[in-house]
1. Are there any pairs with C-beta distances below 7 angstrom linking a residue in segment 433-449 that is closer than 8 Å to Arg422 by Cβ to a residue that is open to solvent by 20 Å² or more (accessible area, probe 1.4 Å) and hydroxyl-bearing (Ser, Thr, Tyr), with the two at least 6 apart or on different chains, and if so which?
2. Being aromatic (Phe, Trp, Tyr), outside any helix (DSSP H, G or I) and in contact with a strand residue (DSSP E or B) (Cβ under 7 Å, 6 or more places away or on another chain) is the filter; apply it to segment 1-55 and report the residue that is farthest from Asp69 (Cα to Cα).
3. Among the residues of segment 190-214, which ones are assigned to a helix (DSSP H, G or I), more than 19 Å from the chain's Cα centre (by Cα) and crowded, with 17+ Cβ neighbours inside 10 Å?
4. Would you call Tyr59 in contact with a Gly (Cβ under 8 Å, 6 or more places away or on another chain), among the hydroxyl-bearing types (Ser, Thr, Tyr) and open to solvent by 10 Å² or more (accessible area, probe 1.4 Å)?
5. Might you check whether a residue that is in contact (Cβ under 8 Å) with a residue 24 or more places away in the chain, more than 27 Å from Phe181 (Cα to Cα) and either open to solvent by less than 10 Å² (accessible area, probe 1.4 Å) or more than 23 Å from the chain's Cα centre (by Cα) (or both) occurs anywhere in segment 126-146?
6. Just to be sure I understand the filter: pairs with C-beta atoms under 6 Å, separated by 6 or more residues or on different chains, first member in segment 246-271 and at positive phi, second member part of a loop (DSSP other than H, G, I, E, B) and surrounded by fewer than 22 Cβ atoms within 10 Å (Cβ to Cβ). Which pairs pass?
7. So which of Arg316, Arg298, Arg281, Arg321 is among the basic types (Lys, Arg) and within 20 Å of Cys36 (Cα to Cα)?
8. Taking the condition of a type in the set (Lys, Arg), buried (at least 21 other Cβ atoms within 10 Å of the Cβ) and touching a residue at least 24 places away in the same chain (Cβ under 8 Å), does Arg52 pass?
Amino acid sequence: MLKIHNSLSRKKEQFTPIEPGKVRMYVCGMTVYDYCHLGHARVMVVFDMVVRWLRSSDYTVTYVRNITDIDDKIIKRAGENGESIRALTDRFIAAMHEDADALGVQRPDHEPRATEYVEPMQKLISELVGHGLAYKADNEDVCFAVRKFDGYGKLSGKSLDELRAGERVEVAGGKQDPLDFVLWKHARVDEPEEVKWASPWGVGRPGWHIECSAMSSELLGAQFDIHGGGADLQFPHHENEIAQSEGAHQCSFVNYWMHNGFVRVDDEKMSKSLGNFFTIRDVLKEYAPEVVRFFILRAHYRSPLNYSDAHLVDARNALSRLYTALRNVPPTDLPAVDWSAPMAARFKLAMDDDFNTAEALAVLFDLAAEVNRSQSAEVAGLLKALGKVLGLLEQEPTAFLQGGADSSGDDTAAIEARIEARISAKKARNFAEADRIRAELLAEGIALEDTAQGTIWRRA
């Protein structure tokens, strides 16, 4: 049985969906004013993995990942660029899709844009006002009264007196309490017309937190199974979502909360101020997309992920070992995975234990070792099938081994010509020249392997 570490209870719990056989899941997506970075990559890959495993476990999944396309940073960036907000957000949504597609991330079933759900947001705010949980502040904003919601703090595990206003929580503007947060922002004169909507509280736009509460309830209902996102969203964003949603609907909001760990760079937290901030596009210039996906899945989703060139190179070499096994022993296509088979059962046990991809990948390496030992096409077929569950090992092996992020400019014909020159040197017993060619190619990142079928090459 699947167990999930629930951030709300801070322990692993057996997963029982609200509706048998069906899972409704919401993940906080991107704010689209710039290119996606490694933190976004981790969120996309982790929850893509979760959805894949749920579907492999015969659940029917409805997966929603939102897009925030109205935000202070978006307004500022569009103004700096001299372009409309829609032009800016459309451009970066397209870039996000390119990055996600490259990483093998399947599109969610629904990808709502915040600007398309302003009316449901206003309805939700009206319900909060009606329940006495929201008020109009002196500066004309509508705010949520945190101390009037009894359950506030249950996700973060802190009392109200311990909590502090988070990054996006304003602490001025006539609020009744510093922890109160904005539901509806009154329009400023200097803001463009495209971010102004009429409302019962005056012209303005929605606050950030209310977006997810409205979109999730519209697409999944007032209560659903799983809500995910990065650990940085746990407070205040997800805490505020709980308060808004349960305050408005008067019922439990989400049964299982999942949060993936932070991305670190050489053991320091990734941040623009430290100059160690990498976009997905930057990384994919150096490493193949599947290597990056493998690197992300190699760590348990809740643990910190330490990015470094050494770790990416190690991930590339490790993934190459799996592909080498499949290249040497062409796999049999399996119509379905027999989960009662010992290796498949080990894989399933790992994935059912809070999506333990680190242990699941260990099973793949044991299968690769068995393929190399037994030369069994059936074992190779199981290796490929289990890899597919994680969104891995779906390329033609030689294409992966001879490809890579820098392969577009590679002169394959020139490499093969040098391999032929090495073969000729060996035939002439000029072993020094043959060794020189091998070493030269290796220095350029091309490893040779002499097999019974001839010399083959791959990227080292």
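The values are calculated or read from the model by the stated rules, or taken from the named source; none is laboratory data. All values derive from a computational prediction rather than experimental measurement. Heads up, the Cβs are rebuilt from the backbone with ideal geometry, glycines too, and the neighbour counts pull from every protein chain shown. What goes into the accessible areas is simple: the full protein's heavy atoms, side chains included, and nothing from ligands, DNA or RNA. Shrake-Rupley method; radii C 1.70, N 1.55, O 1.52, S 1.80 Å.
1. Leu448/Thr455
2. The initial filter retains those residues of segment 1-55 that are aromatic (Phe, Trp, Tyr), namely 15, 26, 33, 35, 47, 53.
From what's left, outside any helix (DSSP H, G or I): 15, 26, 33, 35.
Right, trim to in contact with a strand residue (DSSP E or B) (Cβ under 7 Å, 6 or more places away or on another chain) and you get 15, 26, 35.
On the way: Phe15: 33, Tyr26: 17, Tyr35: 13 Å.
The extreme case among them is Phe15.
3. Restricting attention to segment 190-214, the residues satisfying the condition of being assigned to a helix (DSSP H, G or I) are 193-195, 208-214.
With the extra rule that they be more than 19 Å from the chain's Cα centre (by Cα), the set shrinks to 193-195, 208-211, 213-214.
Of everything in segment 190-214, those that are assigned to a helix (DSSP H, G or I), more than 19 Å from the chain's Cα centre (by Cα) and crowded, with 17+ Cβ neighbours inside 10 Å turn out to be Val195, Trp208, His209, Ile210, Glu211, Ser213, Ala214.
4. Values: in contact with a Gly (Cβ under 8 Å, 6 or more places away or on another chain): yes; among the hydroxyl-bearing types (Ser, Thr, Tyr): yes; open to solvent by 10 Å² or more (accessible area, probe 1.4 Å): yes.
Answer is yes for this residue.
5. no
6. That search, which allows pairs on different chains as well, returns Asp266/Ser308.
7. Working: Arg316 fails: within 20 Å of Cys36 (Cα to Cα); Arg298 fails: within 20 Å of Cys36 (Cα to Cα); Arg321 fails: within 20 Å of Cys36 (Cα to Cα).
Of the residues listed, the single one that is among the basic types (Lys, Arg) and within 20 Å of Cys36 (Cα to Cα) is Arg281.
8. no
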